[in-house]
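Visitor: What follows is a single structure, and I will ask about it in a moment.
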Amino acid sequence: MNDDSLLQRLISKPELGPLILLIAEIFVFWSINPTFLSPGNISNTLAFTVELGLIALAMTMLMTSGEFDLSVGSVFGFSAVLMWTIFNEGLFGIPIPLEGAFVAALAVAALIGLVSGVFVTALKIPSFLVTLGMLLVVRGTALFITSGFPQRTWNAEGHWLAEVLVGDFFVGPFRLYMSLFWFIVAAIVLHYVLTQTKAGNWIQASGGNPSAALARGVNVRRTKMSLFVLTAMMAAFAGIISSIRTSAANPNSGTTYELEVIAMVVIGGTALMGGRGTIIGTVIGVFILRIMRNGIVLIGVPGLAYNIFIGAIILGMMALHSGLDRRRHAGG
């Protein structure tokens with residue numbers, strides 16, 4: 001009886017389906033091309049995976065509260081451009097150190113998230129419309145201040161902040177970046193917040209039944225506004241990390257990232273309409289999509305077919321999650 005109960009709980013976990021898919025995906029790619037699991041390919045995959053992963057972690061929290069943010073891709077590109085513009089050209093004629101430019105970029109990102117949060121919670125405008133508008137404003141601002149040209153980043157090579165954010169090191173044959181460390185820390189902290197704290201309960205209640213949450217004393221408005229700020233700042237942080245790693249701050253960076261990030265979160269098992277979220281599932285979803293992008297190229301499938309695979313995975317995982325939800329409710 002206990003074994004049956006344990007098996008039932010395991011099957012009902014939203015992370016189980018994505019985990020099985022991830023393992024199968026790795027096995028298939030490795031079977032077709034053994035270099036898929038080579039140290040060099042694993043290192044390269046991890047380098048760019050965690051940057052989108054950082055945004056996906058914050059998006060998980062926001063979507064659990066019943067909202068989402070379409071502007072994260074534009075904030076990803078804009079924040080890096082803003083940081084390097086301030087660092088290279090100064091602010092109002094005053095030279096600004098890299099640390100100051102970094103803080104300024106994060107502060108502006110926080111303001112962007114705050115404005116989105118106010119429009120959604122105070123003006124009661126759907127987050128889809130608000131963040132779609134913010135996407136256009138932020139992307140347009142990045143293109144305007146740069147005239148569409150990438151910004152210099154190499155002036156900061158060797159700077160301690162760049163090393164802390166994206167410094168590389170070797171673990172055996174694997175070349176890793178500090179960004180992996182930040183991704184792991186963020187995943188652990190946000191998982192703890194979502195599952196073990198009062199704030200996590202508030203987030204889930206805000207997405208599951210806002211009216212009931214308000215009646216129980218949950219500050220739904222403040223909760224959602226805080227998550228919009230968190231999501232924007234995490235997108236900015238990821239964009240800055242990417243610009244240092246690639247030695248380029250392009251105003252067009254992050255285009256369509258918002259859709260891929262939402263796909264990662266949904267594939268991982270977070271409910272699209274809110275009320276249920278899983279950081280562990282999102283981590284799995286991040287690796288499913290980024291490994292898919294890397295693997296199809298290695299086995300000779302044209303990279304342009306990537307969206308076909310994403311769409312198929314999303315449809316399949318949504319069907320699986322829907323089936324598990326029905327089974328769980330029927331059992332309850």
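The values are calculated or read from the model by the stated rules, or taken from the named source; none is laboratory data. Just so you know, these numbers come straight off a predicted model, no measurement behind them. Note that we place each Cβ from the backbone using ideal geometry, even for glycine, and neighbour counts take in every protein chain shown. Surface areas here come from the heavy atoms of the whole protein model, side chains and all, with no ligands, DNA or RNA. Shrake-Rupley method; radii C 1.70, N 1.55, O 1.52, S 1.80 Å.
Visitor: Sort 38-48, 287-297 by the packing proxy (mean of other Cβ within 10 Å over each peptide's residues), most packed first.
Guide: 287-297, 38-48
Visitor: Give a residue-ordered list of calculated ³J(HN,Hα) values for the stretch 109-116 (Karplus: 6.51 cos²θ - 1.76 cosθ + 1.60, θ = phi - 60°; whole Hz; x for Gly, Pro).
Guide: 4, 4, 5, 4, x, 5, 4, 4
Visitor: Leaving out ligands and nucleic acids, note down the accessible area per residue over the chain with a 1.4 angstrom probe, in whole Å².
Guide: The answer is 47 Å² per residue.
Visitor: Right, next: Of the heavy-atom accessible surface of the stretch 40-115 (probe 1.4 angstrom), what whole percent is carbon and sulfur?
Guide: Carbon with sulfur: 77 percent of the solvent-accessible area.
Visitor: Quickly rank 159-167, 98-106 as a protection proxy: mean count of other C-beta atoms within 10 Å, highest first.
Guide: The densest-packed peptide leads the list: 98-106, 159-167.
Visitor: Roughly to the nearest percent, how much of the accessible area of the stretch 138-221 is carbon and sulfur, given a 1.4 Å probe?
Guide: With neighbouring chains kept in place, the figure for the stretch 138-221 is 64 percent.
Visitor: Applying 1/(1 + (r/R0)^6) with R0 = 22 Å to the Cβ-Cβ distance of Trp160 and Ile94, what FRET efficiency is obtained, to the nearest 0.05?
Guide: For R0 = 22 Å, the calculated efficiency reads 0.55.
Visitor: Compute the relative contact order of the chain as a whole-number percentage, counting only Cα pairs closer than 8 Å that sit 6 or more residues apart in sequence.
Guide: Computed over the chain, the figure is 34 percent.
Visitor: In whole Hz, with x marking every Gly and Pro, tabulate ³J(HN,Hα) for the stretch 30-41 from phi via Karplus 6.51 cos²θ - 1.76 cosθ + 1.60, θ = phi - 60°.
Guide: Once rounded to whole Hz, the list reads 5, 5, 6, 9, x, 5, 4, 9, 6, x, x, 6.
Visitor: I've got another one for you. For the peptides 137-148, 252-263, what is the packing order when you average, over each peptide's residues, the other Cβ atoms within 10 Å and list the highest mean first?
Guide: Final packing ranking: 252-263, 137-148.
Visitor: Report, by chain and number, residues whose modeled amide H sits under 5 Å from the one on Ala249, excluding near sequence neighbours (fewer than 5 apart, same chain).
Guide: Long-range HN contacts for Ala249: Gln151.
Visitor: So what is the calculated 222 nm ellipticity per residue for the chain, using -39500 (n - 2.57) for each DSSP H run with n of 4 or more, over all residues, to the nearest 500 deg cm²/dmol?
Guide: Dividing the helical sum by the residues of the chain leaves -24500 deg cm²/dmol.
Visitor: Checking the cross-link filter: which lysines have an alpha carbon closer than 16 Å to that of Lys198, excluding same-chain neighbours under 8 positions apart?
Guide: The reachable lysines, counting only those whose Cα sits under 16 Å from Lys198, are Lys224.
Visitor: A follow-up question, please. When only Cα pairs under 8 Å and 6 or more residues apart are kept, what is the percent relative contact order across the stretch 191-326?
Guide: Contact order relative to length: 21 percent.
Visitor: Name the residues whose placed amide hydrogens come within less than 5 Å of the amide hydrogen of Arg276, ignoring near sequence neighbours (fewer than 5 apart) on the same chain.
Guide: It is Ala271, by chain and number.
Visitor: Say a paramagnetic label sat at a point 7 Å from the Cα of Leu123, along Cα to Cβ; which residues of the stretch 225-245 have their backbone N under 16 Å from it?
Guide: Those under the cut-off are 225.
Visitor: Given H placed 1.01 Å from N in the peptide plane, which residues other than close sequence neighbours of Leu91 have an amide H under 5 Å from its amide H?
Guide: Those qualifying (amide H under 5 Å, at least 5 residues apart or on another chain) are Ile96.
Visitor: Same structure, new question: Residue by residue through the stretch 176-191, which ³J(HN,Hα) values in whole Hz follow from phi under the Karplus form 6.51 cos²θ - 1.76 cosθ + 1.60 (θ = phi - 60°), with glycine and proline marked x?
Guide: 3J(HN,Hα) across the stretch 176-191, in whole Hz: 10, 10, 4, 4, 5, 4, 5, 5, 4, 4, 4, 5, 5, 5, 5, 4.
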